[in-house]
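Heads up: the structure comes next, in structure tokens.
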Amino acid sequence: MTQLVRVHNFFLSSDGYAAGEDQSLERPFGHADPAALGSWAFGTASWPNRGDDGGSRGLEDYLVRDFHRNIGAEIMGRNKFSPQRGPWKDHEWQGWWGDEPPFHTPVFVMTHHDRPSFTLSDTTFHFVSGEPAAVLERALEAADGKDVRLGGGANTVRQFLEAGLVDTLHVAVAPLELGGGSRLWDSPDDLDDRYHHDVVRRPDGVVHHLLWRN
């Protein structure tokens with residue numbers, strides 16, 4: 001079976017930003033409000049942090065459930081893992097997610113600064129340098145035949161797109177502008193020369209872009 005590199009349930013503003021400016025420990029998305037960017041997902045029946053038995057069904061619920069399907073490893077950029085910059089000064093920081101991260105696979109954090117691997121619950125974080133192709137080779141091996149999810153942030157996804165290493169993308173665009181931050185694209189149409197591209201529009205203005213290789 002062919003292993004895929006997938007971008008899945010990636011939140012974006014209408015002006016192309018996945019996160020805002022001035023990221024900090026208290027604000028992982030900078031000046032962006034993640035509740036506004038991801039409201040479509042948080043309202044589904046399958047969102048893992050729901051406190052009740054309600055929620056919507058349909059395509060968006062399927063997309064939320066599909067997030068973990070056949071995923072054997074994740075790649076993320078350093079800024080998705082941590083607000084720290086430069087050499088690692090605080091090894092006690094182990095990510096935004098607490099003692100039980102939601103990945104349940106090996107995670108490869110791209111960084112220019114060495115740090116030892118560590119494990120929380122069933123997730124091991126590896127800190128790796130190198131070009132996207134070299135990092136992907138390690139992640140594919142660790143995935144043991146399953147797919148690799150490219151988790152972000154936007155700069156990391158863009159690097160893999162520019163290297164021609166992404167097979168499928170699901171990007172959910174919220175009807176709000178951020179005006180600055182971590183940018184994925186100028187327009188989704190920029191990818192139409194390389195990907196089939198379907199668009200699903202919600203009545204509330206959220207637009208789902210589903211792209212897969214030509």
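Some values worked out for this structure:
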item	result
Computed Rg/Rh of the stretch 1-123, alpha carbon atoms with Kirkwood Rh	0.97
Relative contact order %, the chain, counting alpha carbon pairs below 8 Å whose residues are six or more apart	31 percent
Set of the stretch 137-180 residues, backbone N closer than 17 Å to the point 7 Å along the Cα-Cβ line of His31	176-180
Three-way shape label, the stretch 159-200, alpha-carbon gyration tensor, a/c 1.5	oblate
Cβ-Cβ FRET estimate between Asp204 and Glu21, R0 fixed at 30 Å, reported to 0.05	0.70
Largest-first principal axis extents, alpha carbons of the stretch 62-163, Å	39, 33, 23
Sorted by Cβ density within 10 Å, fewest first, the residues Phe118, Phe127	Phe118, Phe127
Rh by Kirkwood over Cα pairs, then Stokes-Einstein D for the stretch 66-122 at 1.002 mPa s and 20 °C, µm²/s	173 µm²/s
Rg and Dmax [Cα atoms of the chain; Å; Rg one decimal, Dmax integer]	16.7, 47
Global form of the stretch 102-210, assessed from the alpha-carbon gyration tensor, a/c cut-off 1.5	prolate
Helix-derived mean residue ellipticity, 222 nm - over the chain, DSSP H n ≥ 4, -39500 (n - 2.57), to 500	-4500 deg cm²/dmol
Principal axis box of the stretch 1-46, alpha-carbon based, largest edge first, Å	42, 25, 24
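Each value in this text was obtained by applying a stated rule to the coordinates, not by laboratory testing. In this text the structure is predicted, and so the values were computed from the model without any measurement. Ideal geometry is used to build each Cβ from the backbone, glycine not excepted, and the neighbour counts take in all protein chains shown.
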